[in-house]
Every structure is written in structure tokens, then in C-alpha cells.
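The values are calculated or read from the model by the stated rules, or taken from the named source; none is laboratory data. As the structure is a computational prediction, the values presented were derived from the model and not from experiment. Glycine also receives a Cβ, built like all others from the backbone with ideal geometry; neighbour counts cover every protein chain displayed. With ligands, DNA and RNA removed, areas are computed over all heavy atoms of the protein, side chains included. Shrake-Rupley method; radii C 1.70, N 1.55, O 1.52, S 1.80 Å.
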Amino acid sequence: MSNSGGEALDVLEYEQGNLQTGTNWWGAFVIGLAGTILVTGAAPAFLTVFGASYIPFITFFTLTGVVLCLLLAELSAMMPGRTGGSPSYAYPAYKDRWPRLAPHVNGVTAWMYWVGWMPVAPLNMILASFYITHLFGLDTTSGITPISTFIPWWTLAITAVGLLILSVPAYLGIRFGTSMATILAVLSMIPLTFLSIGFIFNPDAANWSEIAGFPQLDGSSFFSDINGYPAWVMYVAYAFPLLWTVIAYEAAACYIGECKHPGRDAKIAMTLEGGYGVFVYTMLPISFVVVLGVQAISDPALVDPKTMFVTFASNIFPGVAGAVMEWLMAIMLIIALVLSALNSLMGCSRSLYQMSLDGQFPRFYQHLNKNHVPDRAMMTNVGASLLIAFMGGAIEIYSFSNVGYLGSFVPVLIGYYLLRKDRPNVHRPFRLPEYFKYIALALAALYFFVWLVGGVIYSYIGGQAIYYFLGIAATFMYLPLYWYRQWEDRRAGSPAMAASTSRN
């Protein structure tokens, strides 16, 4: 076969995901909004540390997320049969150069991605529980401290019930899940957009001098010491948990393999996801700073998202309208967080499924139910999410899961470069300019630096060392699971890649 220039087209061979193609770019976009919604837990925590200096900080890293989305759009369009998102594109990039190493690159990348995305479901149900307990005046003084963070009993109960309820649409498949996600997404975009541009509803509430020069909380310059540490140390350290949130809108890539026209849908879904992500992640902190002001933001109480959002809404609509707005904001944010939790249960189960098809994970996870859902992988997500809920808080879960999540993108970005260099003639329905292969390498280097150096520094500066090392331990759990799969293959007397998918 030849292309229009007369060159022979290369055909990329890989293990197909074989999931039902029941959605389009809109389905991938709305379910992928789960990543954008993560800003609801991150913005308050970072603003109360950095003040207005957080704005250029988050803008830079958010733009790297846009580049990541464009790179994944190209990869997902050229490998429409792969499922499970970004990690699934690593194996085809490495298998020709390093056939013995490639399976481990694939397995470790997919497993780290799962360690990163699976905790999103309990995290967002925990955040939703804060609003629910606030709205209904439930007791939050009684609970337990399993590791180092206190967890109210009501938080645990709401999280567990929510996860079990969400497992139903996740079990029923992409069509039902997308229908539900569309409703949730529309309702989710209302509070996210309002928080990002709320100042236009009450211009007198905004003080734009608050962001002049992007000062820190104490009014010092962007590069002044922060809490006794050099500014660069703090920025590198906090880039670690920050990247967990600002690149998470890449989750739309998890569903490109289930789109009817992946070549077209990939570029639309990923571009739209990145564009809306940049809008929310950059405008929301600006909105908070100009409306609330540095003095209010420096109040440690505002590190709680519920407190910051309610205070923000009250400043925009004071009086009776403000009280009503508090309820509306709380309800819509609960809906947004539920959407994010649904995405987590659905999306990273595809990673376990694809990893099993490729031969690095137990055959148990190749099973599909009658709705073409990797049900065993998805139910594993539910069980693991219930355990993660005992970590209790957003920053704790960020520190644990980003050990896997951020690290998983490094081999994928290097893989993009390898595919461009080694397989230039593979059909690419969406093709970026050639120089993007070098941008991919630069992005891989940046993410690796933040993952290694920033992760270690943050684990100690932020007092999260125990959760960071729990993330390291979870990453190494790949090995016994891989060894078990090798035992299965030896017992079956068949190559790892020859496993077939079973169904009900």
C-alpha cells in the first residue's frame, strides 16, 4: 500500500481491545471532564500556600497538559483498537527496538496509570461528602484516624455508598455511562464555569490589583522565599501534586478506542478537553484571588474546598441570594464530583483489561460482560477505591497516587518520539508537525524531573512522606501480578500474547 506521495505505508500491529464502539467525541469529552473537575480539590490547597503566585505556576503546567493531549490525540487516532488511555500506546513503540523490555514497559506503565487514576473515585466521593454533610448538618466529629488523617464516619459511609451506586452505570457500559455522564457533565460545567468567571456577575466584588505582579501571600515577589524555603524548591515540590490535577483531562483518551470514528473523534475530543481545561485551571485561581483577596485566602480554613467555594459564592451574591447560591453551588459541585468518580471507575479498568490482553496481568481481567465492559477490572477498582478512602483527604491521596500517575507518562512520551522516528509511515489520521517529537522528549524530561525530584521534596515539605512511600510500594505490586501471569502462561503452555478474551 502507498500513500499519496508514493511511499509505502507502514502497518502498526498491536493487540486489539475489542470493546464496543458505542460513543463519539462527545462521549469521550464529557466522561473525560472528570480530570478537569479535580481542580475543585486542588485550587484551595495551593492558593492558601502560594497566593497569586500560583496563577503563572498553574498556567505553565496546564499548558504542558494541552501539549500532552495533542500528542495523545495523534497516538490514539493511529491506534484506535487500543483501550485504557495513554499507557496502552507505549508497547507498540518499544516492541521492535527492545522486544524483551517492551512487555515490562507496557505492564509497568499501565499499572502506574491505574495506581494514579483509581484513587480519583474515592477522592471525589470524599470531597462530595464534605458538601453533603454540610448541607444536611451531619455529625463530622466522630470517626477514625487509620493512618494520619481523621475521617468522619459519615464521610466513609457516603463514600462507600456512592462508589457502590456508581458501579452500576460503570457495569452497564459506555453507552449507558455516556448518557449519564452527559447529564452530569452539563450540570458540572455550570459551577466550574461560574467559579472561573464569577466576577462578571458582581464586578464591584473584584479587586484586580490583587494579582498585580502575582505576589505571594505575604505580598513578596514571585521568586521570594516561601515558608523558609527557596522559591524554586517550593515550586518544584508542589509541581508534583499539581501535575496530578492539571494533566488529568487527558482521561478522554481512555475512551477513544470505543469511539465509532476514532481518527476524527480523537482530535476533537482531546483538543476540546485541553481547551476547556486551560480555561478552568487558569481562570478559576484568578477569579478566587480577585474576589476573595490575599487576606482571606491566607486564612488556613479556606484550604477546605467547601469553605472556599461557599465564601466565594457569598461574596459574589451577598445576602439572601448568597445563601441560595451556597446550596446551588454545593449541589452542582456534588454532581461534578460524582461525574469524576464515575470516570475513574470506568476509565482505568480499561488499563487493567488491555494490560491483561497484552500478557502482563492475570487472565482473570480479560473478562467482558454482556455489555462489553471489563467487569472484573472495574469491580477491582471499586474494591481498591473503598480501601483508598481510608486515607481520608485530598492531599494525602494526591501524594499516594501521583507516584504512579505522573511517572506513567514518561515512557509514553518517549514512545511518541520512537514511533515518529522508527515508524514515520504509519497512517496517522491526526498528525502534528514533525518537531513535536522533540517537544515530547522535553516534556518527558520535565515530568520525570518533577516526578523524581519534586516528589521526594514534596513528600517531606508537605508532610506526606508516608503516602508517597505507600505509592512506591503500590507501584512495585506490579511484579507479583506479572509473575503470576507468567505462571499462568507456562501452565497453559501458550505465549502470553496469544490469550483470547472471554465473555459471558
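Can you work out which of the residues in the stretch 188-217 that are among the aromatic types (Phe, Trp, Tyr) and open to solvent by less than 60 Å² (accessible area, probe 1.4 Å) is modelled with the highest pLDDT? Selected residue: Phe199.
What is the number of the single condition among (1) open to solvent by 20 Å² or more (accessible area, probe 1.4 Å); (2) at pLDDT below 90; (3) in contact with a helix residue (DSSP H, G or I) (Cβ under 9 Å, 6 or more places away or on another chain) that Gly392 does not meet? With respect to (1) open to solvent by 20 Å² or more (accessible area, probe 1.4 Å); (2) at pLDDT below 90; (3) in contact with a helix residue (DSSP H, G or I) (Cβ under 9 Å, 6 or more places away or on another chain), Gly392 is out only on (1).
Of all the criteria given as (1) under 26 Å from Leu187 (Cα atoms); (2) modelled with pLDDT under 80, the one not satisfied by Val382 is (2). How about the stretch 391-439: which of its residues are free of Cβ contacts under 8 Å to residues at least 12 places away in the same chain and under 19 Å from Thr62 (Cα atoms)? Answer for the stretch 391-439, where residues must be free of Cβ contacts under 8 Å to residues at least 12 places away in the same chain and under 19 Å from Thr62 (Cα atoms): there is none. Scanning the stretch 308-326 for residues that are open to solvent by 40 Å² or more (accessible area, probe 1.4 Å) and either modelled with pLDDT of 75 or more or among the acidic types (Asp, Glu) (or both) returns Thr311, Asn315, Phe317, Pro318, Glu326. Considering (1) under 26 Å from Ala205 (Cβ atoms); (2) in a helix (DSSP H, G or I), the lone condition that Tyr405 does not fulfil carries the number (1). Of all residue pairs spaced 6 or more apart or on separate chains, those with beta-carbon atoms under 9 Å, a first member in the stretch 341-354 that is farther than 16 Å from Met112 by Cβ and at pLDDT below 80 and a second member that is hydrophobic (A, V, I, L, M, F, W, C) and not in a helix (DSSP H, G or I) are Leu345/Met118; Met346/Val373.
Checking each residue in the stretch 413-440 for being in a helix (DSSP H, G or I) and exposed (fewer than 15 other Cβ atoms within 10 Å of the Cβ) picks out Lys421, Asp422, Tyr438. Please determine whether any residue of the stretch 58-80 is open to solvent by less than 10 Å² (accessible area, probe 1.4 Å), part of a loop (DSSP other than H, G, I, E, B) and in contact with a Pro (Cβ under 9 Å, 6 or more places away or on another chain). Looking through the stretch 58-80, at least one residue is open to solvent by less than 10 Å² (accessible area, probe 1.4 Å), part of a loop (DSSP other than H, G, I, E, B) and in contact with a Pro (Cβ under 9 Å, 6 or more places away or on another chain).
Of the numbered criteria (1) polar (S, T, N, Q); (2) buried (at least 21 other Cβ atoms within 10 Å of the Cβ); (3) within 30 Å of Pro285 (Cβ to Cβ), the one Thr133 fails is (2).
Among the residues making up the stretch 218-235, a single one is open to solvent by 40 Å² or more (accessible area, probe 1.4 Å) and in a helix (DSSP H, G or I): Trp232.
Residue-level check: of (1) under 24 Å from Met118 (Cβ atoms); (2) touching a strand residue (DSSP E or B) at 6+ places or on another chain (Cβ under 9 Å); (3) at pLDDT 85 or above; (4) not polar (S, T, N, Q), Tyr255 misses just (3).
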